[in-house]
Each structure stands twice: as C-alpha cells, then as structure tokens.
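**Student:** What follows is a single structure, and I will ask about it in a moment.
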Amino acid sequence: MFIWTSGRGSTSYRHDEKRDHDLLDKRKTVTALKAGEDRAILLGLAMMVCSIMMYFLLGITLLRSYMQSVWTEETQCSLLNASITETFNCSFNCGPECWKISQYPCLQVYVNLTSSGQKLLLYHTEETMKINSECSYIPKCGKNYEESMSLVNVVMENFRKYQRFSCFYDPEGVQKNVILTKLYSSNVLFHSLVWPTCMMIGGVAIVAMVKLTQYLSLLCERIQRISR
C-alpha cells in the first residue's frame, strides 16, 4: 500500500514539475517574441520618420526648384553663333578660410528656336543664368585660366560641330532664353522620390505585419480558451 501511494505521489510531482517548466518556457518564449516585436515596430517607425524627413528635404530643395522652373517645353534649336566675348572674375577655395581671385572666359551661344524662329541666348542649365546671365557656359573657377579657356574652347567647338540639338524653352514667353540641360526634370524628381517612398512603404509594411501577427496570436488564444 505504501509503495503504491509513494509511486502515485512521485508521478504527480513529476507532472507538476513538468507543467511548471512548460509554463516557464512559454513565458520566456512570449517575452522574447514581445521584445522582437517591439524592436520591429521601432524599426518600422524609424523608417517612416526618416522617409518623412527625406520628403521634407526634397520638398524644400528639389521640388521647389522643379516647380519654379519655367523651361518646360522641349524643342529643337539651331546654332546661330558661338563665341567667347569677355572674361569675368571669380573666386575659388584654396584651403581652410582661403579664397583667391581668378578669371574665366565667357562663352555666348545664340540659337534659333525652331518652333517660333526667335533668336535666343542659350544657357547650359537653370543655374548658369543665376551665376552670370551674360554667359551660356561657365567653367569651374580655378587658378589656371588656360585650363578654363581650353575647356570653353572644347564646348564651343562641340556646338559648332552639332549645329542642331534639343533645348528647353518657356512656353509662356516670360523667359526670353532657352536652356540645354534641365537640372530639375521630372525624371530627376521621380528617381529622387523612389528611395524615401520605398522606405515609407517598408516601414508601414513592418508595423502592419507585426500588428497582424499580434492580432492573430490573440485570436488563436481566444479560440483555444473557447475550445477548452
């Protein structure tokens, strides 16, 4: 009788001990999953915040310049004249808190706008007109004037070689000039917005997947309680 009772008590003790171990393992698993879910949510939120900051920076820089650009229509331009007219002073950085004065040659290019037949001054980009409205092309300012002159001569000869090329003009007629290359085109804007958009989508997807997993886990627990 004593032997049988002792065996039953030992079996019950081992059963309780196993159940305690199972509960402890389950708690450890739940804690680890909770920590992983919290990290995933923080990662998703961080990605969304970074994408919003990138949108803001692009909005006040690239998008603003794109909206202000009036050279929206593309057409064909024919070269009328390309010549170096004069030289202008410029300053270049020669070290920490060091600036020196140099010069660069001014290249003027006049073209005939095929769509209207107007004679207009051509600028390299939108920024060229802001730097010096008298020059079509402005080389990088450097201490060696001969290098700048050589580069401008190469550009001038290319214009004379390719007499007809694509250019952009203002269809409203506010700007009486044309540009050769658009810095702020729709393609540049699209490629600039791709990365923040992907980051935003990734962040939203991570948070949504974690929340969905949590919801399914709670739903599974409720079903198990009902079935018991």
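The values are calculated or read from the model by the stated rules, or taken from the named source; none is laboratory data. Computed from a prediction, not measured in an experiment: that's the story for all the values here. We place every Cβ from the backbone using ideal geometry, glycine too, and count neighbours over all the protein chains shown. Surface accessibility is based on the protein's heavy atoms, side chains included, excluding ligands, DNA and RNA. Shrake-Rupley method; radii C 1.70, N 1.55, O 1.52, S 1.80 Å.
**Student:** Kindly provide the Kirkwood hydrodynamic radius of segment 42-151 in Å, to one decimal, from all pairs of distinct alpha carbon atoms.
**Tutor:** Evaluated over segment 42-151, this radius sits at 17.4 Å.
**Student:** Shifting gears a bit: What is the projected area of the convex hull of the Cα atoms of segment 48-107, averaged over all directions, in nm²?
**Tutor:** Computed as one quarter of the Cα hull surface, the answer is 8.6 nm².
**Student:** Let me ask you something else. So with the 1.4 Å probe, I'd like the accessible area per residue for segment 106-228, rounded to whole Å².
**Tutor:** 64 Å²
**Student:** Looking at segment 136-199, which trypsin sites (Lys or Arg not before Pro) are in a loop (DSSP not H, G, I, E or B) and have at most 14 other Cβ atoms within 10 Å?
**Tutor:** In loop regions of segment 136-199 (DSSP not H, G, I, E or B), the sparsely surrounded trypsin sites (Lys or Arg not before Pro) are 140, 143, 176.
**Student:** Additional query: According to a simple spin-label model (label point 7 Å from Cα along Cα-to-Cβ), what is the distance in nm between residue 221 and residue 175?
**Tutor:** 6.2 nm
**Student:** In addition: Using a 1.4 Å probe and ignoring any ligands, DNA or RNA, find the accessible area of residue 141 and quote it in Å² to the nearest 10.
**Tutor:** Ignoring ligands and nucleic acids, residue 141 comes out at about 30 Å².
**Student:** What per residue convex hull volume, in Å³, do the alpha-carbon atoms of the chain yield?
**Tutor:** Per-residue hull volume (Cα only) is 245 Å³.
**Student:** With n ≥ 4 as the cut-off for DSSP H runs, can you work out [θ] at 222 nm for the chain, using -39500 (n - 2.57) per run divided by the number of residues, rounded to the nearest 500?
**Tutor:** Rounded to the nearest 500, it is -20000 deg cm²/dmol.
**Student:** Let me ask something additional. Ordering 150, 227, 78 by how much accessible area each has at a 1.4 Å probe, largest first, what is the list?
**Tutor:** 227, 150, 78
**Student:** Got the relative contact order for segment 41-168 handy, in percent, Cα pairs under 8 Å and 6 or more residues apart?
**Tutor:** 26 percent
**Student:** Another one. Could you work out what % of the accessible surface of the chain is carbon and sulfur, using a 1.4 angstrom probe and leaving DNA, RNA and ligands out of the count?
**Tutor:** Looking at the chain in its full context, I get 61 percent from C and S.
**Student:** Determine the percent antiparallel among the DSSP beta bridges restricted to the chain, to the nearest 5.
**Tutor:** Of the beta bridges lying entirely in the chain, close to 90 percent run antiparallel.
**Student:** Follow-up. Starting from 0 in steps of 5 Å, tell me what percent of the Cα-Cα pairs of segment 100-228 lands in each bin.
**Tutor:** For segment 100-228, the pair-distance distribution reads 2, 8, 12, 13, 11, 8, 7, 6, 5, 4, 4, 4, 4, 3, 3, 3, 2, 1, 0.
**Student:** Taking segment 141-203, which GluC sites (Glu not before Pro) meet the DSSP loop condition and have no more than 10 other C-beta atoms within 10 Å?
**Tutor:** 172
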